[in-house]
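Notes to accompany the following structure.
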Amino acid sequence: MALGAVGLLVYPAIGHFCDLEASLFGFWTGLVVENTATTATVSALYSEGATQIAMLVKTARNAAIGFVVLGFALFWARRGQASNIENKGSFLWQKFPKFVLAFLLISLLGTFSAFSKEQLVSLGNLSRWAFLLAFAGVGVNINLRSLRQLGVGPVMTAVMAKLVVSYAMLTLVVLMNYLGLVNLILPK
C-alpha cells in the first residue's frame, strides 16, 4: 500500500522524464499499478488521455483475473489436488471474484448502447467518485508501525520486485510502440 502512495509521485515523474505519450503512459501504468484506485489517480496526474487508456488496460487485467483463477483451479483439480472438495462447482463459485462479472456486464451494456449519453456521463462520474473513495481508503489503511515491525528485508524485497516489474513493463511498452504493436492493441 505504501508503495502505491510512492508511485503517485514516481510514475508521473518517470513518464515525463521519458517523454511518454499519454497513451503509452496509460498503457504502462495500467499494466504495473496493482490497485485500481491508484491506477486511476496516477494516470489522472499525468493526463485525461492517460487515464482513459490506463483504466481500459486495468479493467482488462481485472476481468482476466477471474479466468486465470478458474484456469488454475481446473489445472489443480485435474492433477488431483482438489479431491477433498465435495462440491467443486459451489467451491469455484465461492472463490470466483464476482466483480469480474460486473465489469463484463457493464462493458457489454455499454458496447451495445444500453445507456444513454447522460447515463454514461453519470456512470463515469460515479466511477471517479468510487475510485476517489477507494484511494482514500488505501491512504488510511497504511500502517507505518506495522511496516517498521516487518523490518528492512521484506520491504526491500517488495521495492526491488516493484522496480523490476515496472522497468520490464516500461521496456515492453516502449518496444511494442517502436514495433508498431501498441496501435494494434489500443483504441485510436
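The values are calculated or read from the model by the stated rules, or taken from the named source; none is laboratory data. Owing to the predicted nature of the structure, the values given are computational and were not obtained by experimental measurement. Don't worry about glycine lacking a Cβ; one is built from the backbone with ideal geometry, like all the others, and counts go over all protein chains shown.
Here are the numbers:
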{"read-out": "Filter result (touching a residue at least 40 places away in the same chain (Cβ under 8 Å) and crowded, with 24+ Cβ neighbours inside 10 Å) within the stretch 42-64", "value": "I53"}
{"read-out": "Qualifying position, being of a type in the set (G, A, S) and at pLDDT below 80, among G153, G180, G110, G139", "value": "G139"}
{"read-out": "Output for the stretch 75-131, where each listed residue is touching a residue at least 12 places away in the same chain (Cβ under 8 Å), touching a helix residue (DSSP H, G or I) at 6+ places or on another chain (Cβ under 6 Å) and β-branched (V, I, T)", "value": "V100"}
{"read-out": "Candidate set: the stretch 29-41, residues that are among the polar types (S, T, N, Q) and under 17 Å from L133 (Cβ atoms); chosen: the one surrounded by the fewest Cβ atoms within 10 Å (Cβ to Cβ)", "value": "N35"}
{"read-out": "Residue within the stretch 116-125 that is part of a loop (DSSP other than H, G, I, E, B), loosely packed, with under 11 Cβ neighbours inside 10 Å and at pLDDT 85 or above present", "value": "yes"}
{"read-out": "Scan of the stretch 164-181 for residues that are surrounded by 12 or more Cβ atoms within 10 Å (Cβ to Cβ) and either aliphatic (A, V, I, L, M) or not in a helix (DSSP H, G or I) (or both), ordered by number", "value": "V165, A168, M169, L170, L172, V173, V174, M176, L181"}
